[in-house]
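Read the structure below first, then the notes.
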Amino acid sequence: MTKTALLIIDLQNDYFPGGRYTLDGTEAAAAKAGELLALAREEGANVVHVRHEMTGEDAPFFARGTQGAEIHPSLAPLEGEAVVVKEAVNAFLNTDLDALLRGRGITSLVIVGAMSHMCVDAASRAALDLGYEVTLAHDATATLPLAFGGTDVPAPAVQAAMMAALEFAGAKVVPAAEAAAALRG
């Protein structure tokens, strides 16, 4: 039997307007993630929040101990909801995330969060490598524009490329409204 958890990755204050590293579409992604969070809570599904913290005075964002590193209030964990703190891009690397999920009998994940091209990508690929079924709610993720080799890549193109690559890798990439089905009873 499949048992599913909602995995919320790095929807922290620094990624929102006014933060140290604002992403394109963070507020819209957080709203969709919030809908899934409300559903998961209503259904009694497991919820795991992942928070990235960076150490050192030169941390560009998510500096440990700052307001920017805190999970955004719209998605704040409730008592009893797991919070995994990571110091790397991959939420499974050097954390107890896999043990926590396996200990709860989780075999399937609905993943939301940020940044699509970094931490969401790394966690999704690691989850697939570890044998989890991965459903990625693409409209509940956010990224930003990038550049490579003199080519500017707008955020929507970064998002599309990442979602296409993760779907190719084996994730089920769907809108949050469809991902909700995995959290229901």
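The values are calculated or read from the model by the stated rules, or taken from the named source; none is laboratory data. No experiment lies behind these values; they were computed from the predicted model shown. With ideal geometry, Cβ positions are generated from the backbone for all residues, glycine too; neighbour counts draw on all protein chains shown. Note: accessible area is taken over every heavy atom of the protein model, side chains too, but ligands, DNA and RNA are not part of it. Shrake-Rupley method; radii C 1.70, N 1.55, O 1.52, S 1.80 Å.
Selection of first residues in the range 118-131 that are charged (D, E, K, R) and of second residues that are part of a helix (DSSP H, G or I) and crowded, with 18+ Cβ neighbours inside 10 Å, restricted to Cβ pairs under 6 Å at least 6 apart or on distinct chains, gives the following pairs, ordered by first then second residue: 121/162.
Only one entry in 36, 6 is assigned to a helix (DSSP H, G or I), open to solvent by less than 10 Å² (accessible area, probe 1.4 Å) and modelled with pLDDT of 95 or more, namely 36.
Could you list, in sequence order, the residues of the range 151-185 that are closer than 23 Å to residue 108 by Cα and among the charged types (D, E, K, R)? The answer is 167, 172, 178, 184. Go through the range 39-60 and count every residue that is open to solvent by 60 Å² or more (accessible area, probe 1.4 Å) and within 21 Å of residue 122 (Cβ to Cβ). Here the count works out to 2.
Residue by residue, here is whether (1) modelled with pLDDT of 95 or more; (2) in contact with a Leu (Cβ under 9 Å, 6 or more places away or on another chain) holds:
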position: 49; (1), (2): yes, yes
position: 55; (1), (2): no, no
position: 60; (1), (2): no, no
position: 68; (1), (2): yes, no
position: 73; (1), (2): yes, no
position: 87; (1), (2): yes, yes
position: 96; (1), (2): yes, no
position: 101; (1), (2): yes, yes
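Would you be able to say whether some residue in the range 72-86 is in contact (Cβ under 8 Å) with a residue 12 or more places away in the chain, open to solvent by less than 30 Å² (accessible area, probe 1.4 Å), under 15 Å from the mean Cα position of the chain (by Cα) and under 22 Å from residue 17 (Cβ atoms)? The answer is yes, given that some residue of the range 72-86 is in contact (Cβ under 8 Å) with a residue 12 or more places away in the chain, open to solvent by less than 30 Å² (accessible area, probe 1.4 Å), under 15 Å from the mean Cα position of the chain (by Cα) and under 22 Å from residue 17 (Cβ atoms).
Filtering the range 24-65 to residues that are more than 17 Å from residue 176 (Cβ to Cβ) and in contact (Cβ under 8 Å) with a residue 60 or more places away in the chain leaves 24, 46, 50, 52.
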